Each structure stands twice: as structure tokens, then as C-alpha cells.
1. Given the conditions (1) in a loop (DSSP other than H, G, I, E, B); (2) under 20 Å from residue 273 (Cβ atoms), and given that residue 137 satisfies all but one, which numbered condition is not satisfied?
2. Which of the strands (runs of 3 or more DSSP E) contained wholly in segment 1-72 include at least 2 residues that are modelled with pLDDT under 85?
3. Which of (1) closer than 24 Å to residue 133 by Cα; (2) in a helix (DSSP H, G or I) is the odd one out, the single condition residue 185 does not satisfy?
4. Looking at this structure, is residue 159 modelled with pLDDT of 95 or more, surrounded by 18 or more Cβ atoms within 10 Å (Cβ to Cβ) and either under 19 Å from the mean Cα position of the chain (by Cα) or part of a loop (DSSP other than H, G, I, E, B) (or both)?
5. So is residue 234 farther than 30 Å from residue 294 by Cα and not assigned by TED's automatic domain parsing to the domain that holds residue 304 or not?
6. Given 247, 287, which one is without any contact (Cβ under 8 Å) to a residue 60 or more places away in the chain, under 22 Å from residue 87 (Cβ atoms) and not assigned by TED's automatic domain parsing to the domain that holds residue 148?
């Protein structure tokens, strides 16, 4: 009996209308300076950012970069002069319309979180920018931000009462339920849900990026409120992911010490945690938590730069990483 040979079907051809795919690398580089979190942004016009701030960004080149992280570090060094230390990958972003220019290649954006010390020095082609300039509703250190009560919550309630748009996907939760979960409207505020809150504002058409991307929901508002500083491409979305990730990691990883000098006071440690979490912490409770957790050890030296009594200097006790599976600062944010 003759052998029957089956022909392997040819691979599916890409349609002529399909855009090319490019892989972008984006870094949300965070530091704490003078008690406030900052991110590194490239100057307008760098990496095609237009007039809006952009995160350090570049394309992955497989022949030049052995890994994605190596590519990211090279792009950051080239654009800012900064050598990155702590880096972790966040997520891959690829929504159509949030990065690609009409008729151009479609970009998949791989976002990274990077932590560094010592903002303040000028870097070529970039500058340090206050983190909460992009998310003013996330900073509760002086109480509930006015922008929530005056601008965001009234408009979100209006949006929740509107009928869904024709192309809006069906969701398991109603809009009112999503407002409760993300913004704590009628419920509790969860400081880690930074991305969920930004995505809800984008979906409701309340941020400038939604208007720029041609989202129909943005056309429903006569005038858009100024809800934080917009960013190029999908970079504010990546930054929101980084903030939520970092706030969560504070509780189970010693990442706060990546933002501090080798020797620090407990006051400096507390202000760093408050800067990232966006809330004030009770001084004595915080110190008790740090000391009982075995996270720090005294150096035997003191700092005279506090303006008052000399303060003891501490350093991160690295042995805690081997002693405990999750050596973080499990602080509970208090809300007024």
C-alpha cells in the first residue's frame, strides 16, 4: 500500500492591513527626595513623546540586546545617563490605540519598575518630576485630596448613571460597584488600586489621554477637568501600575531600603514609606513595627542634621531576608 503523504498547510499569511509589531521598553524610575516621591521623565520630544512627559523608553533590539532588561538598562543609560540598580518587570501593555500612531507599527510596551537613591542631580535629557503631579488623588498625607470630592467623585457618579456606549464591553460588575471598589465611594479606599482608579477615569473619558486617543466617552463631557499631568503614549498607565506594585511590595519585601542611603534615621525611613504609600503613619506604632520585625540595626552613630537632638543612625539588617519569608513593613494606611 502506497504511503500517503500529507502536505503541511502553509503558515497563515499576515494580512496586508495588519500593522507591524514593535516591542517597547519603558522604565518607571522612582526615588524619594525631600520626603516626596519623584519619577524620572524624559524631556518633551524625546522618544517621540511630543509635548507631554514620557518615561525613559526605547525599542528592544534582539541582535543588540541579549535580554529585555539589558535593553532597558542601555536605553535608560543612553537617554538619562543613569545606571539602574533595582529593576523588576511589571506587565506588558498592548491595547490598540494607546500607543500606535495611525498607520504606524503597533507597540507592545513592557513596563519596568526601578528604584534608585539620590534624586536632585541634573541628568542629561531628563528631569525628576513629582510622582503625585500625575496622580494628585493618590496623596492622602494631608487628608482626603480636594480633587476627589470636588472633581472626580461627582463626575464619576454622573458617568455611572449614564447608559453604556454601544461598543462598551459587558462587565460582571455594575459601574456603581466598580466605583465602590476602586475609589471607595460608599466603601473603603484601597491604596494599592492605583491602576484600577486610573483605568476607570480613562474609561469614563475624564483624563486627557482618553480625549487624545479618541475615546467616545471623553466627548460626553463639555469640558474635561485637569486631573493630573498627562503623559505620552500609555506611560501614565504604566506609571499607575508601578505605583500600585510598589505600594503592595512595601508590605512583604524590604524595597523601602532601596530608596534610602546605607545609613538613615527612623524618621527618614518613616517619611519614605509615607511618601510611597500616600498616607501618614503613627510614629510610635511605626517604630515598634520596624524594631519588632528585625528590619534594622543601630550603627552606633548619630545624625546631627535633624535640626534637634542627634538621631540614631540605622542600617538595613540583611539577615532578615533569610530569617523571614516576607520581611516587609505591613503598615495599615489610616483614612480620615
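1. Result: residue 137 passes all but (1).
2. In segment 1-72, the matching strands (runs of 3 or more DSSP E) lie at 21-33.
3. Evaluating residue 185 over (1) closer than 24 Å to residue 133 by Cα; (2) in a helix (DSSP H, G or I) leaves (2) as the failure.
4. Judged against the criteria, residue 159 is not a match.
5. Yes, satisfied.
6. Result of the check over 247, 287: 247.
The values are calculated or read from the model by the stated rules, or taken from the named source; none is laboratory data. Since the structure is predicted, the reported quantities are computational estimates derived from the model, not experimental observations. As a convention, Cβ positions derive from the backbone with ideal geometry for all residues, glycine included, and neighbour counts pool all protein chains shown.
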